[in-house]
Amino acid sequence: MAREIRTTFGELRQFASWVEPEPRVAAGFGFENGIIPDNAQATVDSNLAVFTPTGRGAIVEDSRADWALFCQERFGIGSALWPSFRRHPLNENFVWRPVGKGKRVLSDAEAEAYDRDGYVVVEDVLSQAFLREVVADLDHFEEARVESAKLASGKNTITQAGKVTFNVQLARHSARLRELISLPLLQHMMYDLIGPNVRLYWDQSVYKSPHSELVFPWHQDTGYTFVDQPGQIVTAWIALTDAAEDSGCMWVLPGAHRVGPLVHEKGESGNWVFESDPSGMIPLPVKAGSIVVFAGLLPHMTGGNSKSWTRKALVVEYAPDGMNRIAIDPWGEQVVSPANNPRTQFEILRDGRPVVSR
């Protein structure tokens with residue numbers, strides 16, 4: 001890919017989240033009255049900075065992922081700051097919308113962090129007593145399904161006996177899990193991040209076996225089924241045991257949620273979006289009872305578990321009421337189906353008020 005290109009400010013303004021240089025800055029670069037005309041010449045380099053012919057340094061320095069994707073697609077510029085993004089074919093006009101006003105529990109700093117990085121970490125949410133009750137329920141499901149996981153080993157499944165197991169849509173069977181999914185803190189956070197009408201979209205336990213070297217690959221939670229409101233899917237990754245770098249904590253690529261849905265390849269361990277680890281990845285170690293709340297578009301992965309005990313987590317995805325899944329049939333037509341199964345995708349909030357699940 002090119003290391004720099006020459007263009008005009010008019011073309012740069014085609015970027016949906018373009019931020020215009022302040023008039024005083026533009027004036028300092030020789031633009032009369034601080035106004036930059038569309039035909040003004042500009043150079044964009046591989047650090048994603050914008051320069052003018054004046055030789056006075058960068059007039060715009062923007063390292064956001066969506067800006068990187070724009071430069072990659074429009075100009076063929078690769079950047080060491082980000083991996084190569086491959087936009088999902090149905091991802092045509094995605095623009096990341098920041099958290100609005102009228103928040104219930106998120107502070108301004110947390111909302112800013114979520115917009116910038118795509119996640120916030122909430123420590124020590126669950127009491128140890130409640131945590132034990134939730135884990136006991138999940139252990140019961142794990143024991144009941146362990147034989148089927150063994151039978152499925154080697155087949156087309158991301159559950160792999162002795163390495164990692166996934167038990168899905170368990171909340172419909174467990175009052176304790178429904179209580180956890182509808183915790184007031186989570187309800188209020190979903191109000192802040194999604195809006196007044198929220199449904200459960202998906203829930204699953206993830207048990208990573210002792211001494212398992214299995215790495216669950218880089219993916220977006222929206223990378224399994226395309227939806228028509230991808231920017232409003234929010235995942236709560238609930239640590240049921242301690243999750244550190246050596247026991248399978250989450251790793252994320254901060255800020256990459258802004259590009260929208262990406263193409264995913266299918267692999268033995270799950271769908272993947274990056275074949276190798278991106279340079280900007282960071283770990284998110286958390287203690288049992290803590291929750292990582294992140295955008296469903298945020299690329300993430302989990303590493304192996306070198307410990308002698310099972311690393312346990314619960315993954316809960318929330319979505320706006322009225323969201324639809326979109327698939328492509330063999331004839332290339334879009335098939336739209338609502339994500340509103342009353343048993344597995346029950347309401348969490350209606351008009352901003354909690355909905356009691358039975």
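The values are calculated or read from the model by the stated rules, or taken from the named source; none is laboratory data. What you see is a predicted model; the values in this text were computed from it and never measured. Counting neighbours? That spans all protein chains shown, and the Cβs are built from the backbone with ideal geometry, glycine included.
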**Study point:** segment 242-266 - residue that is under 17 Å from Leu214 (Cα atoms) and out of contact with any strand residue (DSSP E or B) (no Cβ under 6 Å at 6 or more places or on another chain) and, of those, modelled with the lowest pLDDT
**Key:** Lys266
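Within segment 325-358, track down each residue that is part of a loop (DSSP other than H, G, I, E, B), β-branched (Val, Ile, Thr) and in contact with a helix residue (DSSP H, G or I) (Cβ under 8 Å, 6 or more places away or on another chain). Full working, then the answer.
Taking segment 325-358 as the starting set, the residues that turn out to be part of a loop (DSSP other than H, G, I, E, B) are 329-333, 339-346, 351-352, 355-358.
Adding the requirement that they be β-branched (Val, Ile, Thr) leaves 344, 355-356.
The one that is part of a loop (DSSP other than H, G, I, E, B), β-branched (Val, Ile, Thr) and in contact with a helix residue (DSSP H, G or I) (Cβ under 8 Å, 6 or more places away or on another chain): Thr344.
How many residues are touching a Phe, Trp or Tyr at 6+ places or on another chain (Cβ under 9 Å) and either of a type in the set (Lys, Arg) or at pLDDT below 95 (or both) when one looks only at segment 281-301?
Start the filter on segment 281-301 by keeping residues that are touching a Phe, Trp or Tyr at 6+ places or on another chain (Cβ under 9 Å), which leaves 281-284, 286, 289, 291-301.
The next check asks that each one be either of a type in the set (Lys, Arg) or at pLDDT below 95 (or both); those that pass are none.
Selection size over segment 281-301: 0.
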Revision key, fill the gap. Among strands (runs of 3 or more DSSP E) completely within segment 1-103, the ones holding 2 or more residues that are in contact (Cβ under 8 Å) with a residue 40 or more places away in the chain are 4-8, 41-45
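Can you name every residue in segment 104-122 that is touching a residue at least 40 places away in the same chain (Cβ under 8 Å) and surrounded by 14 or more Cβ atoms within 10 Å (Cβ to Cβ)? Please lay out each step first, then the result.
Of segment 104-122, the ones touching a residue at least 40 places away in the same chain (Cβ under 8 Å) are 104-106, 111, 114, 116-122.
Residues satisfying the conditions are Val105, Leu106, Ala111, Tyr114, Arg116, Asp117, Gly118, Tyr119, Val120, Val121, Val122.
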Revision key, fill the gap. Restricted to segment 1-35 and to residues being loosely packed, with under 12 Cβ neighbours inside 10 Å and charged (D, E, K, R), the residue modelled with the lowest pLDDT is Arg3
Study note, to complete from the structure: Within segment 221-248, residues being more than 22 Å from Ala171 (Cβ to Cβ), in a loop (DSSP other than H, G, I, E, B) and not aliphatic (A, V, I, L, M) number 5
